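Below you will find the structure I want to go over with you.
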Amino acid sequence: MKTQIPAQAKTPLVEKDLELNIIKIVGVLIPENPMLFFEELYSFTEEFLQKTKKLNLHVDLEYFNTSSARYLYDYLKKIIPISDLQLTWFYDSDDEDILESGKEFEELCKIKFEFVEK
Amino acid sequence: MKILNHEILTIDFSSNSDYDSFFDIITNKINSIEDIEKPYLKKIIICAIELIQNNIIHNCKEVSRLEIFKKDNFIILDYVQSTDKQIFENLVKHIKFVNELNFENISLKIKGNIENTKSNIGSGNGLLTCRLKTKNFVNIKLLEAKSEDEYKFIIRLKIDYYENTNSSSSKNTIG
């Protein structure tokens, strides 16, 4: 079982912690074609969910592009019905863009996010 | 890739490897600028990513150039690129549509595209996001039409830059 998806130049590090039921997505998410990354992320998450349905998803992105926003939404819409999801959205205190994006995703996904200032 | 120190940053793209490394180059350079506050730097990088990737998706055959500089109370991003007549004309129409939306409708359109776009690449939100982040119009100007296959043009974004205020003004012209 994979414990992480390593970060690349345009994709973030993804790590899991099965003791705390956490998947963390950390870094930048700016590929021109996000499909490959999200296919891998979804497989990684499905594998995680075979162990436990409780998923604490930590999203800690510095940048993401508009192509990835759509894939991130599709990913969340797929995992919401198959998991007991708690999503925590991290942002820097002076990063209103990332906070604003998190609020938009919260509205789109129709679930409550926890927002944590770093 | 050639980097010229013109005001803030100039990058010439001439190959796919240039596109692969642009993010590191832009962030390293932009984040080293001490006299521009982080919220402005974020907007510059967000817009630069969208401009560059818009070009990669629609046309990465030709050399292109991104210039970022300060002028008066603006930070300006100029992206010079080439494409064919059809793509250029579609881009002009799309930018006209983007500029005619108010910010509330841009936000709604972006959310709608996130929910509904089926294309594998792109969401249609790149230039909408540029307009929303800059709070100014997206400008496009034809520079040269050598043939139907080679339309050289510039996209200009302006970010209002004031040290202690967020007020904005819009001018729908290049220059």
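Determine whether the stretch A:58-74 contains at least one residue that is in contact with a strand residue (DSSP E or B) (Cβ under 8 Å, 6 or more places away or on another chain), farther than 30 Å from B:I44 by Cβ, free of Cβ contacts under 8 Å to residues at least 60 places away in the same chain and away from chain B (no Cβ under 12 Å). Write out each step before concluding.
Within the stretch A:58-74, the subset in contact with a strand residue (DSSP E or B) (Cβ under 8 Å, 6 or more places away or on another chain) is A:58-65, A:68, A:72.
After this cut, where a residue has to be farther than 30 Å from B:I44 by Cβ as well, the list is none.
No; the residues of the stretch A:58-74 include none that is in contact with a strand residue (DSSP E or B) (Cβ under 8 Å, 6 or more places away or on another chain), farther than 30 Å from B:I44 by Cβ, free of Cβ contacts under 8 Å to residues at least 60 places away in the same chain and away from chain B (no Cβ under 12 Å).
Turning to a different aspect of this structure: Only residues in the stretch B:90-114 that are surrounded by fewer than 12 Cβ atoms within 10 Å (Cβ to Cβ) count as the first member; pair them with residues that are not charged (D, E, K, R), Cβ under 7 angstrom, at least 6 apart or cross-chain, and list the lot.
B:F103/B:L132
Hey, another quick one. Taking the stretch B:58-74, which residues are modelled with pLDDT of 80 or more and assigned to a loop (DSSP other than H, G, I, E, B)? Show your work before the answer.
Taking the stretch B:58-74 and keeping what is modelled with pLDDT of 80 or more, we get B:63-74.
Of everything in the stretch B:58-74, those that are modelled with pLDDT of 80 or more and assigned to a loop (DSSP other than H, G, I, E, B) turn out to be B:V63, B:D72, B:N73.
Can you pull out every residue in the stretch B:19-74 that is more than 8 Å from every other protein chain (Cβ to nearest Cβ), in contact with a Ser or Thr (Cβ under 7 Å, 6 or more places away or on another chain) and closer than 24 Å to A:E96 by Cα?
Passing the criteria: only B:C47.
Could you count how many residues in the stretch A:7-31 are within 14 Å of chain B (Cβ to nearest Cβ) and either more than 25 Å from B:F23 (Cβ to Cβ) or buried (at least 20 other Cβ atoms within 10 Å of the Cβ) (or both)?
Step one: list which residues in the stretch A:7-31 are within 14 Å of chain B (Cβ to nearest Cβ), which gives A:7-12, A:27-31.
Cutting the leftovers down to either more than 25 Å from B:F23 (Cβ to Cβ) or buried (at least 20 other Cβ atoms within 10 Å of the Cβ) (or both) gives us A:10-12, A:28-31.
Total meeting the criteria: 7.
Within the stretch A:74-116, track down each residue that is farther than 30 Å from B:E37 by Cβ and part of a helix (DSSP H, G or I). Break it down into steps so the answer makes sense when it comes.
Going through the stretch A:74-116, the residues farther than 30 Å from B:E37 by Cβ turn out to be A:74-86, A:109-112.
Passing the criteria: A:D74, A:Y75, A:L76, A:K77, A:K78, A:I79, A:C109.
Just give me the residues in the stretch A:91-118 being among the acidic types (D, E), more than 10 Å from chain B (Cβ to nearest Cβ) and surrounded by 14 or more Cβ atoms within 10 Å (Cβ to Cβ), in sequence order.
From the stretch A:91-118, those among the acidic types (D, E) are A:92, A:94-97, A:100, A:104, A:106-107, A:114, A:117; that's our starting set.
Subsequent filtering for residues that are more than 10 Å from chain B (Cβ to nearest Cβ) retains A:106, A:114, A:117.
Once the filter is applied, which keeps residues that are among the acidic types (D, E), more than 10 Å from chain B (Cβ to nearest Cβ) and surrounded by 14 or more Cβ atoms within 10 Å (Cβ to Cβ), the stretch A:91-118 yields only A:E106.
Still on this structure: Go through (1) in contact with an Asp or Glu (Cβ under 9 Å, 6 or more places away or on another chain); (2) surrounded by 20 or more Cβ atoms within 10 Å (Cβ to Cβ); (3) within 27 Å of A:C109 (Cβ to Cβ) and name the single condition B:R131 misses.
(1)
Name the pairs whose Cβ atoms lie under 6 Å apart, with the first residue in the stretch B:124-151 and of a type in the set (G, A, S), the second in a helix (DSSP H, G or I), and 6 or more positions between them or separate chains?
B:G124/B:N113; B:G126/A:T66; B:G126/B:E50; B:G126/B:N54
Only residues that are among the hydroxyl-bearing types (S, T, Y) and part of a helix (DSSP H, G or I): list them for the stretch A:25-71, please. Outline the logic, then answer.
Filtering the stretch A:25-71 for residues among the hydroxyl-bearing types (S, T, Y) gives A:42-43, A:45, A:52, A:63, A:66-68, A:71.
Answer for the stretch A:25-71, where residues must be among the hydroxyl-bearing types (S, T, Y) and part of a helix (DSSP H, G or I): A:Y42, A:S43, A:T45, A:T66, A:S67, A:S68, A:Y71.
The values are calculated or read from the model by the stated rules, or taken from the named source; none is laboratory data. Computed from a predicted model, the values in this text were never measured in an experiment. When we count neighbours, we look across all protein chains shown, and the Cβ atoms used for this are built from the backbone with ideal geometry, even at glycine.
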